[in-house]
Amino acid sequence: MNTPDRDMSLQVPGQAKGRYSSLCSDDELLDDDDPTLWQDVGLSNLQGSVYLPNTGRLASATKEDGSQLAAVIKMGWLDKNPPQGALYYQRRWVKLDVDYLRYFDNEKEIYSKGIISTAFITNVTSVGELKFDVATNNRTFIFRAENEAERNDWVTVLQDCTKGRHRRSTMNPASPLTPDYQGYLELKGLRSKLYTVVVSDKVFLYKNIDDYRIGVGITSIEMNVGNIKEMDRRSFDLTTPYRIFSFIAESEQLREQWVDAMRNAIGEALSNSEVADRIWAEPSNSNCADCGAPKPEWAAINLCVVVCKRCAGEHRGLGPSISKVRSLKMDRKVWTEELIQVFLLLGNERVNSFWAANIPPSEALTPSSCSEERRRFITNKYRQGKYRKYHPLYGNQRELNNALCINVQCSDVLETLSLIFCGADVNCSTGMASWPSPLSLANAHSQLLQAELISHNLNTELPRSEIGGAMEAVHYSAPPCVSHNGFLFKTASMARAITERKAREEFSRRWCTLNDGTFSYYESDKNSNPNGALKASEIVCLAVDTPEKHGYENTFELYSESERLYLFGTDDPDSHKEWVKSIAKSFIPASAEPLLRLGFERIGRLKCKDGLNLQTSKVGWFALVGSTLHAYLEDNKGEEIHLRKLNELSIQQDNEVLVLVERGRTLYIEGERKLDFAGWCGAIQTAAGSGGDTLSQQQLTETDIPVIVHSCIGYITQCGLTSEGIYRKSGVNSRVAALCERFRRDARSLRLKEGEHQVDDVSNTLKRFFRELEEGLFTSEEASTWLTTAAIQDESMKISQYQLLLNRLPRVNKATLQALINHLYCVQRFSELNQMNLHNLAIVFGPTLFQTDGKDYTAGRAIEDLIQHYTLIFEVDEQQLKKQLEEITVIIQVREKLNTKFPSTEPGGHFICTVYLEEKKDTAEQHVKIPGSMTAAELTCEVLDRRNIAVKDKEYWSCWEVSDKEEMERPLHYQERVLPILHSFGTDSHLLIKKHLAMEAMIVYLTSRVDASKHGMMKFREERSILGLGLTSGSFHDRYFILNSSSLRMYKEVRSNRPERDWPVKNLKVYLGVKKKLRPPTCWGLTVVYESKKQERPERQQWYLCCDTQSEMREWYATFLSIQYDGNVWPQNGLQQTRVSRVLPDTRHGNVSLIPLRGSENEMRNSVAAFSQDPLALFRDVR
């Protein structure tokens, strides 16, 4: 050997001339060894044989059999100090497993130079530079690592591995594994004898019996790869693929005993390995079910888990009533063919889907976990059942027992295990005299694996923990063994959504099978090799198409995890239905099984977040049925989301998040995969819209009133109760038709605003909706009965009959009728103002609601009765009604008062707005009428005139939009209309009249420049919102910008060829100032707001720019303004010219009714902002 190993090598006589590699021990010299007479020798082509005579060369062997594989916790190179105190260190390849710390000459060696039992290690400590001690009761071993981190890691792992260990090693004489044979044997070529121990299927070599007793040895030999060959008289060879060990016994008799003991060990190893190898044939059984250590050799036969030796020790601590621990290699009798098949069928992975369904990452075990951690985890897992997946029937003993009796008749062993360990009684009565117990029932149905599992759990102590809350009784039916086959027609798979109709010619006939969780399709039913296959675990969505969407009448789509879409079709509706049902069953988990009972249009898996936890996503199983989205999230609680009742439905964050807002909750559905997510978004948006012309198919409020009815009634209550002839006068037909269409397309997104929508148009929209309503408000079946009731003469009998008919109406019809009659009751209470008394309203609404020609007044009489006897028929709380009427009275009074104070020059009223002069304070406020045509320059002149302020030459008085919350302001362009600005105001914004001090410098800059565009570097930050939290993230970065007549382009750097972003400049609003909390790098900042003009998908973005100097910021702002208004940034003749045009009406805006503003200036501004969001919000707090 090249290393100076002169301490404890197993050596051969010096006269041996061949080169041999010795089996060594670093501990100390063998007894009677003379270092001067011995040298380390070995065959260069062998992996370190102990001794090979020149005539006994061994062919090279591979290591594929894995004889020496152990649950290695850590391995690596270390330097080891010999125990004689030598100054030099020897480089050793060190391996740590659950039982031993072993060290080798190199990483290719099979047999170690020394082993230390971890059961005898008493202490592991860091000493000196990069060194650490491994101490036993009698000896200390010193190792040195290459760096401090590696040294600390070794110390930590060793401490964890040895913490709490008991001396139960196979080497320990007190071990339960009693040695089969032990004593001294001479290794040929040595004058020393080695203490040799045969135990079970291994042979251990020790320097002497004392070392055996203290757990310090040389090596161990796995006998499953060994073979015994008898030599002359006292000699015999133990041959392995890696070494030949030539032993000499003390006598021929002893040799026979040694040979028998070792041959028995080989036999036991081979027979035991057969069971282990079969169990390990299931890949998940090759790792411990609890800690993940490789090649576990133990099993809990009643729990159906394969575990490593260290975890098996903790299982024994639970007691046999909880865990029946058996060895894969030693307990041969227990391993019946049925039990082996149970372990192969379940496997650690499947069985852990029950036992380990809810393990927090902080509690999970690793192969290096200490005994204390293992004990706590295994107790929680099996004694307490803390991590198990609760069966839907948990807590319902009767149904659990019934389910067990049903399930043992089929082959689903995992379901039986789940039932047993969630409380089913394996000794319950089946109610059948012939087969009184589940065990006899399983045997009667030839379910031998079920019977095997039950037989090992007849006296098992079940997990003790309970889950909170009462469990509803659920009737059980055995989970089907999903299997189906038949012919289908298939198109080629696609990577994008199907947007066009697929003709029959594009489909190919394929034989399809669904077996063992795999959907396969073949060229024909004669072929054995499939054209393609899709595992159930890869299916993320199943969509059922509407009939005749494609060339075949019935089609369905499958979406895979790998972003592929598969389209299948058939003309047979029954076959189509059966395929959809079978495929859905194959990939929908048991926790979401109720979804399978629905007539779904789309079903699958999505990730989502809700308001309770926005930090982490959870997996949800969803099914879309009509306008209802059914969901089962990870907590196994089913819920329904009524899409037509949502407050908001939008797609955010670059089409990656679908936001569903309902009362008290927001659900964020995330696009984990683009293909199926796009399909879900389209389907959900379609389902959330109006689905037809009946009441129940409309978008509804939380009180089941169609949004169109709610919006129209609210608007008229706010703006039209004093309008003469309301509901009798006709609106403009084109505008009414447009309103109806917008409501039909998406009623939720339409906000009725005074100034934009006329009262008579809205009232006629409401009437047209009811007249065109399919089946009518009173339903086609009951409408005639309502009309007949109107002819009853006895008032009390008539009212009772109306109440009876009211309660027979569908829920939505009833709620809508009550809301409408309540509104009409309020209208007629103010008939002295609107001239619409009870009779007039009945004339209008009778034919409308009953959809008659109006020639017969019977319909009018019925409506008149409903309004007149409103409080009795609908059982209204009169105090609530009185309060409602008082609020409406306040609305009318406030409107009249403001109209008197500011007489209008146009029909109807105007907005009243608070404007400040130069600074925001009470003494500087002005209340100004804002007609629809008023410009910013006209408003400025109006305020200056009131204060008698003369505008001097080169004074640039402007109207500014100021946002206190955003800490920004913007001078309105002198031609900009004020009214739209008021509509878009937030409650934290106001208008301010002050001088624009930078305007003259801006005009000078614009007149002196040659090029109308501008470019340069600015610091950029985008407003990015953390999902659901309203928080912003990001920082400022240098970017290169080019601003021209059409767009603003942003580049990462000057040399970039392609812009990162490109915005149309006409859609940008530029404000001066940046919020301080964003920590802008300079004080010269701009806030830019982008608003798209698309009606169907309005979009708003906001970002921030910072310039290095004030003049640079002024130039950028001037360029923006010049481009947006075609160079006309200021009137040529100053503000004087704008005074003349102030009285000119703008017919495009029509009549703008007055919004009642009351109280302080803050309340008045809040009223304007609130009105733009909710016309009724103003008056809900009026007393």
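Taken together, the values in this text are just the output of simple stated rules run on the coordinates, not laboratory data. From a predicted model like this one, the values you see are computed outputs, not experimental measurements. Cβ coordinates were reconstructed from backbone atoms using ideal geometry, including for glycine residues, and neighbour counts include every protein chain displayed.
Below, the figures for the structure above:
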{"read-out": "Shape call, segment 513-641: gyration tensor on alpha carbons, a/c limit 1.5", "value": "prolate"}
{"read-out": "For segment 484-587: rounded, prolate or oblate by the Cα gyration tensor [a/c cutoff 1.5]", "value": "rounded"}
{"read-out": "Shape of segment 830-881, Cα gyration tensor, a/c cut at 1.5", "value": "oblate"}
{"read-out": "log10 of Debye I(q)/I(0), alpha-carbon scatterers only, for segment 281-389 at 0.17, 0.19 Å⁻¹", "value": "-0.73, -0.92"}
{"read-out": "Exposure proxy order (Cβ contacts within 10 Å, fewest to most) of F1036, F519", "value": "F1036, F519"}
{"read-out": "Spread of Cα-to-Cα distances over 10 Å intervals beginning at zero, given as percent, for segment 1002-1124", "value": "12, 43, 35, 9, 1"}
{"read-out": "Segment 1053-1117-segment 677-702 distance, computed between alpha-carbon centres (Å)", "value": "37"}
{"read-out": "Ranked list, fewest to most other Cβ atoms within 10 Å of each Cβ, for E1023, E756, E399", "value": "E756, E1023, E399"}
{"read-out": "Exposure proxy ranking, count of Cβ atoms within 10 Å, fewest first, for S560, S1008, S284", "value": "S1008, S284, S560"}
{"read-out": "Cβ crowding within 10 Å averaged over residues, with 957-966, 307-316 ranked highest first", "value": "307-316, 957-966"}
{"read-out": "Gain upon complete extension [E252, I799; 0.36 nm per residue less C-alpha separation]", "value": "185.1 nm"}
{"read-out": "Burial ranking of peptide ranges 526-533, 884-891 (average Cβ count within 10 Å, highest at the top)", "value": "884-891, 526-533"}
{"read-out": "Mean-position separation - Cα centroids, segment 239-282 and segment 486-521, in angstrom", "value": "58"}
{"read-out": "Bins of 5 Å from zero: percent of alpha-carbon pairs in segment 697-876", "value": "1, 8, 17, 22, 22, 16, 10, 3, 1, 0"}
{"read-out": "Kirkwood-Stokes translational diffusion coefficient of segment 646-780, alpha-carbon pairs, 20 °C, 1.002 mPa s, µm²/s", "value": "130"}
{"read-out": "Amide H contacts under 5 Å for M968, placed H, 5+ residues apart", "value": "S963"}
{"read-out": "Residue-span extension gain [S528 to K921] - 0.36 nm each, minus C-alpha spacing", "value": "132.8 nm"}
